Ligand code: ADP
Ligand code: MG
């Protein structure tokens, strides 16, 4: 007798089973806390387990002020000697505290009146914070503190205190309590389906999760922070794998649908090509045929078109759009800002009007009757549409969208880019999708960020571009640089002055830019000088940009908000102040604003000496090459992936645990494992994605 073995035995995943338990199973939490946790997006025990501390506070000791060291956060008791509210540059509360061994200043920029009144001479405070060297003594900006009772004895804590990332609508103490309760439910030593495929010396999931919440001591905290601890590596690997998988699942799902077959008859294309004042570069022709190959299939295209600033992506997009239009379907182009969308609109109108192909323009500023008319024309089958996010609103209906083109991909999330393609669904057909980006993404990064897309690259610039001269000039020579602006503008050119700051707040950045603009206005009274920064309303910012684009302004002072893709050919000089503060990729993007016209362009990197060795190397890379791909690879080596993807600027964390500058080495293994998992255990793959990419898993919406 033969027993038929089941074709596949479901893997019993004890960890996943425990992680999937709803919060309500934590009876001890109380209904209102559970409700608030749910509102904040925590649905299961696992959601709490995978909400890791961002740092730890060591309150296991009370230090003497005299023993505090700059840069080392510590807990200590200080007696208020003096407190005052001052108005130097801005309003602040200064509190001098002492303990007999030393003295230290607490500085508050944001405080309530009651807080100031609390700080009476003789008041004892229990303080936690990171001292920094100040003018006269060490000081701490915004320490955590609590007023001690007159005879209160301070009790030190038994373990390091985890500090969790801020969560909407949930105080830290409550979140901490919930996580603590949830951690009690982590299975003793369970592991997921990956275990057998991972290095044997890595801890199991249970142990790794517990370790990241509850490291034994400061040494372990440091080992985790520096990326050396195997518990961290284990989780980082899982996270990379999960992200890669989520995109692969998106891809698989989209590719299982059907798309309209779009074949260019050449009828309109020939006429457009004939009317262009240039011929396509070999690279443009190559990527166009790659796109054509995809469009001619009934599987939805998912393609990323990479090409450096100025490489000529727009005409490729327009030619691709014609393939849809010639096939009797619609094409839509979506850009992240009004200004960029406007630019596309102008190009499309210029190119398509002579062909008698009229399109629709849609932005949030199109309102009332005009908007209704635009919507009606889209619904009736207008051949093309260009616009902003407005294209994605519910009211927008296409008659038969064949191709969705999305520019400057990294500003849109995966969901958004898929949503546009989905809008056009005609019956069961889904639109093809082309994503364009000017940020060259090194291969390793593409693996986590764009694993759902095929990649085409325009790796060649149109002929006749004058290379941009890049020079590094140190701050003491600022006067010369200002003279240079005066000369360029006197010759009828325009210039940019980019202010960079590492401060986190728009406010501080805007203040600095305002000051620079005022200084430059005083130094160059003959020039018309404009200013854009992140504190301006989008419409005001666009208005200034438009004045500059129209040549009504000589010099534009800007923070790094200055648009990617802005095209002002007459601007031939760019000054970047303190370039050492920015990543190479971003500097390269900024520099791409010049060198778009026929005259020689230059970029002056006005740095603050002394430069660190890395900073020196990075500026050298910029002087030596204008090839965005070379720069991106070097950037990844020198500064890590946050820079390359531009996420550091937006402050958005890519990952909870993983850090590509450390973990990039694991990516190819992650991809290998993803292949295996997708074939062997789709459920495990999906549960991994849910765990790491979250309940709003991108694939779920695709
Ligand atoms: P990007 O890739 O940055 O979007 P654009 O599409 O805006 O670049 O192109 C930049 C400029 O180069 C435009 O003025 C465009 O008309 C022009 N251009 C595009 N392709 C070619 C080409 N093959 N030869 C000459 N000029 C070109
Ligand atoms: Mg462009």
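Of note:
- Test: residue in region 345-355 that is under 30 Å from residue 450 (Cα atoms), touching a strand residue (DSSP E or B) at 6+ places or on another chain (Cβ under 7 Å), part of a loop (DSSP other than H, G, I, E, B) and within 16 Å of ligand 2 (Cβ to nearest atom): no
- Residue check, residue 386 modelled with pLDDT of 95 or more, surrounded by 15 or more Cβ atoms within 10 Å (Cβ to Cβ), closer than 19 Å to residue 312 by Cα and within 16 Å of ligand 2 (Cβ to nearest atom): yes
- Members of region 424-451 found to be away from ligand 1 (no atom under 16 Å from the Cβ) and either modelled with pLDDT of 75 or more or assigned to a loop (DSSP other than H, G, I, E, B) (or both), listed by number: 424, 425, 427, 428, 429, 430, 431, 432, 433, 442, 450, 451
- Helices (runs of 4 or more DSSP H) contained in region 11-116 and holding at least 2 residues under 32 Å from the mean Cα position of the chain (by Cα), touching a residue at least 60 places away in the same chain (Cβ under 8 Å) and more than 24 Å from residue 161 (Cβ to Cβ): 14-19
- Qualifying residue in region 589-605 (condition: over 22 Å from residue 310 (Cβ atoms), surrounded by fewer than 23 Cβ atoms within 10 Å (Cβ to Cβ) and either away from ligand 2 (no atom under 16 Å from the Cβ) or at pLDDT below 90 (or both)): no
- For region 357-379, taking the residues that are in a loop (DSSP other than H, G, I, E, B) and at pLDDT below 95, the one that is farthest from ligand 2 (Cβ to nearest atom) is identified as 367.
- Filtering region 391-417 to residues that are modelled with pLDDT under 85, under 18 Å from residue 320 (Cα atoms), outside any loop (DSSP other than H, G, I, E, B) and within 16 Å of ligand 1 (Cβ to nearest atom) leaves only 409.
The values are calculated or read from the model by the stated rules, or taken from the named source; none is laboratory data. What you see is a predicted model, and the numbers here were worked out from it, not measured in a lab. Cβ: placed from backbone, ideal geometry, glycine included. Neighbour counts: every protein chain shown.
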